[in-house]
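Contents: one structure, followed by commentary.
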Amino acid sequence: MSSKKGKESEKGMIRGGQVKKGETYCPECDGRIIIKAPRLGQKLTCNDCRTRLQVINLNPLELDWVA
Ligand SMILES: [Zn+2]
């Protein structure tokens, strides 16, 4: 029995909330980025602003600019 009694219907809680694994936001343009099977140190390019990013944290999934 798993009963989730949370306010998950609230929209607009992008930051600070729990994010699904593999889903995060670009630190540059706030565009949504979905990564399948993210790995620490994985590098990618934002589709919106073409910024080069890399995975710096997995739980929660976080991206940062490539140094
Ligand atoms: Zn971006």
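Coordinate-derived values only; no laboratory data. Not measured: the values here are computed from a predicted model. All Cβ positions, even for glycine, are placed from backbone atoms using ideal geometry, and neighbour counts span all protein chains on display.
Of note:
- Chain lengthening between ASP48 and GLU23 when straightened (0.36 nm per residue, less Cα-Cα): 7.5 nm
- Environment charge of VAL66, counting only residues whose C-beta is closer than 15 Å and scoring Lys/Arg +1, Asp/Glu -1: +1
- Summed residue charge, Cβ within 10 Å of ILE56's Cβ, Lys/Arg positive, Asp/Glu negative: -2
- Residues ILE33, ILE56, ranked from the fewest to the most other C-beta atoms within 10 Å, line up as ILE56, ILE33.
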